[in-house]
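**Q** Let me begin by handing over the structure; questions about it come next.
The values are calculated or read from the model by the stated rules, or taken from the named source; none is laboratory data. Predicted model only: the values in this text are computed from it and were never measured. Neighbour counts run over all protein chains shown; Cβ positions are idealised from the backbone, glycine included. When the accessible area is computed, the model is the full protein with side chains, heavy atoms only, and any ligands, DNA or RNA have been set aside. Shrake-Rupley method; radii C 1.70, N 1.55, O 1.52, S 1.80 Å.
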Amino acid sequence: MIEYNEKSGLFHLSSDTFSYVLAVRDGRLLNLYYGDPLTPGTDLSYLLSSYYQVSSFEQIEQNLPLELPSVGTGWYGDPSVQAIGPDGNNITKLRFADYKILPHKEPLEGLPSVGVGSARLEKDETLEILLKDELTGLQAILSYTVLDSALARSMRLVNAGSDELLLTHMASAGFSLPSRRFEVLHLRGAWARERHIVRTPLGQAQVRIQSQRGASGHEENPFIALLAPETTENADPVYGLSLVYSGSFLAEAQVSPFDSTYVSIGLNPMTHQWHLAPGETFQCPEAVLVYSHEGMNGMSQIYHRLYRDHLCRSEWAGKERPILINNWEATYFRFDERKLLSLAKKASSLGIELLVLDDGWFGVRNDDRRSLGDWYVNPEKLPHGLSGIAKKVGELGMKFGLWVEPEMISPDSDLYRAHPDWCLHAPGRSRTEGRHQLILDLSREDVQDYLIRVLTSVFSSADISYVKWDMNRNMTESFSALLPPHLQMETQHRYILGLYRVLNTLTEAFPHILFESCSGGGGRFDPGMLYFMPQTWTSDDSDAVERLKIQYGTSLVYPASAMGAHVSAVPNHQIGRVTSMNMRADVAIGGNFGFELDLDRLSDQDLATAKAYVQKLKDLRRLTARGTFTRLISPFETNYTAWQFADEKRVLLCYYRILAEPNPIPHRVYLKGLEPSALYQIDEADASSLPESFRSVFTGSALMEAGVPMIWDKTGDFVSRTIVFHKVN
Ligand code: GLA
């Protein structure tokens with residue numbers, strides 16, 4: 001709900017879980033409150049005078065809870081908006097001019113956002129606040145939509161003056177809290193160990209979480225949260241900010257000398273500037289703010305619902321995903337039609353539904369040194385083309401999927417020989433290669449059009465049901481051959497806008513295709529990509545134990561339905577660890593389940609186990625994709641991991657022990673969010689390997705308060721168990 005109180009001059013935005021109160025004083029837009037819901041009609045204007053009680057030596061703005069700090073009039077922190085005028089002046093003085101309340105949320109020009117198109121929410125009233133700089137003519141339009149328990153925010157900058165302005169800071173959202181007693185929560189990592197949960201005290205410091213890579217990146221996710229030191233998974237406050245964007249970003253928490261904290265998220269000023277000519281508008285990406293006093297699980301569950309149900313517009317967003325086999329770790333570049341069909345045959349006998357043909361099917365791509373850009377079939381590997389293999393896979397009762405890496409170009413490719421200027425590069429500098437490849441300059445419309453043309457032809461050349469869209473390196477020499485010198489700092493953002501245009505066109509042209517995004521695993525696992533593609537390959541690291549941390553961390557923001565999770569070979573190809581088929585499959589249950597190994601090399605016993613899991617997953621996948629996901633025991637803190645999925649009828653408990661323990665201490669896991677008085681019974685199949693006493697009926701309160709003893713029927717390292725509880729009344 002959005003209310004404006006004429007008398008107090010306060011805006012009150014609220015849902016069942018939060019209130020967000022804005023005030024205008026001396027033309028400045030102030031954030032008076034963000035937290036638990038206030039009683040309707042609460043007037044917070046009494047708080048205002050306290051902000052003005054600073055020593056006369058201090059500038060007032062340092063102490064004010066500014067919603068949109070800028071430079072030059074008394075704020076000495078990093079600004080959220082800054083425009084430099086033709087005289088070189090960076091003073092940016094934006095003052096309240098007007099507001100309006102729109103009945104619906106509008107899509108963002110050229111950018112993905114939540115709750116638009118077919119992903120709309122029933123209620124999406126939107127507040128727009130107009131701020132103006134009278135001298136330069138810069139206007140900032142701040143937009144706020146209450147979407148269930150989340151607040152979607154963005155900013156549009158308009159040049160209503162007569163001179164060109166250079167935008168150097170353009171955050172999407174920020175707000176101030178009257179305390180510095182916070183910890184910063186973020187998702188840190190690197191290739192093969194993405195999105196590990198990190199929690200550090202803020203103290204008096206300034207914390208910057210960022211990417212300058214031209215992609216959201218493996219290293220940090222476009223997400224930051226502030227939480228109280230006492231906040232746990234299930235209790236106490238947490239404020240999350242997540243950016244719907246796939247390029248470089250900056251999330252920042254700054255403590256003022258008066259112990260308030262300003263937190264913001266948006267484009268990274270190190271990599272993004274924009275020239276705004278008179279009459280032009282710049283749209284900043286959308287940020288999604290979530291407040292919960294029910295701890296990190298409370299926050300995550302709000303993000304999960306929103307990102308699962310109201311972000312991706314694909315017809316696949318709400319559908320059960322096929323169980324797949326991907327040939328990458330089975331064959332790498334060494335395959336032919338015969339090998340693929342042998343994999344498919346075995347897969348089909350296990351009940352697997354989709355064969356994904358990964359890298360190596362095009363050009364002369366027999367290793368990773370060449371051919372990106374040459375999107376035509378290698379006839380030696382696939383003599384009957386894509387349509388031939390797709391047809392034969394179809395005859396086995398399976399669907400066919402394909403890998404592409406369209407944003408890239410190998411210097412050893414026909415495309416590069418024809419268009420050496422189509423990659424990002426800077427005059428006079430060598431072109432830095434990553435995995436022997438360069439990046440196509442998607443800021444150029446001719447390159448975008450080319451990609452749309454060539455991919456349309458590939459996707460329509462065969463019966464293709466799934467596409468894995470990869471992107472395996474980050475930007476260097478972020479310059480464009482077509483842009484004049486003064487616009488070069490726009491290249492990265494223009495690239496992302498170009499990428500979004502290509503994705504928009506292709507996903508609309510091929511609505512039946514299930515798209516999965518990938519970037520050397522999880523190097524672009526962000527809400528921007530999830531808007532176009534409902535799932536992402538979570539990590540190139542498919543080791544079951546490493547995946548516990550990666551999937552647990554990813555779940556801080558993203559739903560299980562967004563994560564690709566595959567059973568791969570042992571010894572694991574990334575780290576050499578050996579784990580059982582059960583452990584690998586029990587971990588892969590936590591995402592979109594699939595296989596990525598050579599089925600022809602599996603023992604009969606492993607094949608039988610794999611088959612049993614395929615059957616089990618067909619029964620469970622609705623629950624894992626749509627149920628409420630709760631983290632129970634953290635692999636970052638203990639030798640154990642546990643999580644659960646719950647819907648109205650069932651609860652799936654998954655627990656894992658990493659290393660064996662001598663003479664082990666008995667441990668329990670406490671389920672969450674069940675109906676206390678409801679009765680639950682363990683599924684017969686799961687109960688058969690548990691002690692007799694588990695074959696009884698439990699109340700929800702017993703499972704939550706007294707807990708479930710963790711029973712291991714195996715000794716040794718890396719063991720797991722999954723238990724389904726059926727609600728019986
Ligand atoms: C990336 C992906 C892998 C695989 C390879 C192919 O590393 O993350 O899953 O597709 O590229 O080259």
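**Q** Any idea how many residues of the stretch 361-375 are within 16 Å of Leu455 (Cα to Cα) and either touching a Ser or Thr at 6+ places or on another chain (Cβ under 9 Å) or surrounded by fewer than 20 Cβ atoms within 10 Å (Cβ to Cβ) (or both)? Step through it out loud before you land on a result.
**A** So the first thing to find is which residues in the stretch 361-375 are within 16 Å of Leu455 (Cα to Cα), and the list is 361-363, 371-375.
Checking which are either touching a Ser or Thr at 6+ places or on another chain (Cβ under 9 Å) or surrounded by fewer than 20 Cβ atoms within 10 Å (Cβ to Cβ) (or both) leaves us with 362-363, 371-375.
Matching residues across the stretch 361-375 total 7.
**Q** Hey, among Ile91, Ile101, which residue is in a strand (DSSP E or B) and open to solvent by 50 Å² or more (accessible area, probe 1.4 Å)?
**A** Numbers: Ile91 fails: in a strand (DSSP E or B).
Just one listed residue meets the conditions, Ile101.
**Q** Name the single residue that is farthest from the chain's Cα centre (by Cα) among those in the stretch 351-372 being under 29 Å from Asn592 (Cα atoms) and more than 13 Å from the ligand (Cβ to nearest atom).
**A** Filtering first and then ranking leaves Gly351.
**Q** State all residues of the stretch 496-536 that are within 16 Å of the ligand (Cβ to nearest atom), more than 12 Å from Asp470 (Cα to Cα) and among the basic types (Lys, Arg); if no residue qualifies, say none.
**A** Correct list: empty.
**Q** Would you pick out the residues in the stretch 432-457 that are among the aliphatic types (A, V, I, L, M) and open to solvent by 10 Å² or more (accessible area, probe 1.4 Å)? Show your work before the answer.
**A** Within the stretch 432-457, the subset among the aliphatic types (A, V, I, L, M) is 438-440, 442, 447, 451-452, 454-455.
If the condition is that a residue be among the aliphatic types (A, V, I, L, M) and open to solvent by 10 Å² or more (accessible area, probe 1.4 Å), then Ile452, Val454 are the ones that fit.
**Q** From the list Ser118, Ser149, which residue is closer than 24 Å to Gly298 by Cβ, of a type in the set (Ser, Thr, Tyr) and either in contact with a Phe, Trp or Tyr (Cβ under 9 Å, 6 or more places away or on another chain) or in the same structural domain as Arg28 (by TED's automatic domain parsing) (or both)?
**A** Working: Ser118 fails: closer than 24 Å to Gly298 by Cβ.
Among Ser118, Ser149, only Ser149 is closer than 24 Å to Gly298 by Cβ, of a type in the set (Ser, Thr, Tyr) and either in contact with a Phe, Trp or Tyr (Cβ under 9 Å, 6 or more places away or on another chain) or in the same structural domain as Arg28 (by TED's automatic domain parsing) (or both).
Table: residues versus (1) within 36 Å of the chain's Cα centre (by Cα); (2) under 22 Å from Pro237 (Cβ atoms); (3) surrounded by 16 or more Cβ atoms within 10 Å (Cβ to Cβ); (4) assigned by TED's automatic domain parsing to the domain that holds Met170.
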position: Ser15; (1), (2), (3), (4): yes, yes, yes, yes
position: Asp26; (1), (2), (3), (4): no, no, no, yes
position: Tyr34; (1), (2), (3), (4): yes, yes, yes, yes
position: Leu47; (1), (2), (3), (4): no, yes, no, yes
position: Gln53; (1), (2), (3), (4): no, no, no, yes
position: Leu66; (1), (2), (3), (4): yes, yes, yes, yes
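**Q** What strands (runs of 3 or more DSSP E) completely inside the stretch 194-306 contain at least 1 residues that are crowded, with 20+ Cβ neighbours inside 10 Å and touching a Cys at 6+ places or on another chain (Cβ under 9 Å)? Can you show your working first?
**A** Numbers: elements: 196-201, 206-211, 223-227, 238-244, 249-255, 261-267, 274-276, 281-283, 286-292.
Strands (runs of 3 or more DSSP E) meeting the threshold: 261-267.
**Q** Does Thr331 satisfy the criteria of being more than 30 Å from Leu202 (Cα to Cα) and among the hydroxyl-bearing types (Ser, Thr, Tyr)? Steps first, answer last, please.
**A** Numbers: more than 30 Å from Leu202 (Cα to Cα): yes; among the hydroxyl-bearing types (Ser, Thr, Tyr): yes.
Yes, satisfied.
**Q** What about Thr73, is it assigned to a loop (DSSP other than H, G, I, E, B), assigned by TED's automatic domain parsing to the domain that holds Thr145, open to solvent by less than 60 Å² (accessible area, probe 1.4 Å) and touching a residue at least 24 places away in the same chain (Cβ under 8 Å)? Break it down stepwise before answering.
**A** On the way: assigned to a loop (DSSP other than H, G, I, E, B): yes; assigned by TED's automatic domain parsing to the domain that holds Thr145: yes; open to solvent by less than 60 Å² (accessible area, probe 1.4 Å): yes; touching a residue at least 24 places away in the same chain (Cβ under 8 Å): no.
No, not satisfied.
**Q** Taking the conditions exactly as written (out of contact with any Leu (no Cβ under 9 Å at 6 or more places or on another chain) and part of a strand (DSSP E or B)), does Thr168 satisfy them or not? Walk me through it before giving the result.
**A** Details: out of contact with any Leu (no Cβ under 9 Å at 6 or more places or on another chain): yes; part of a strand (DSSP E or B): yes.
Spelling it out, Thr168 is indeed out of contact with any Leu (no Cβ under 9 Å at 6 or more places or on another chain) and part of a strand (DSSP E or B).
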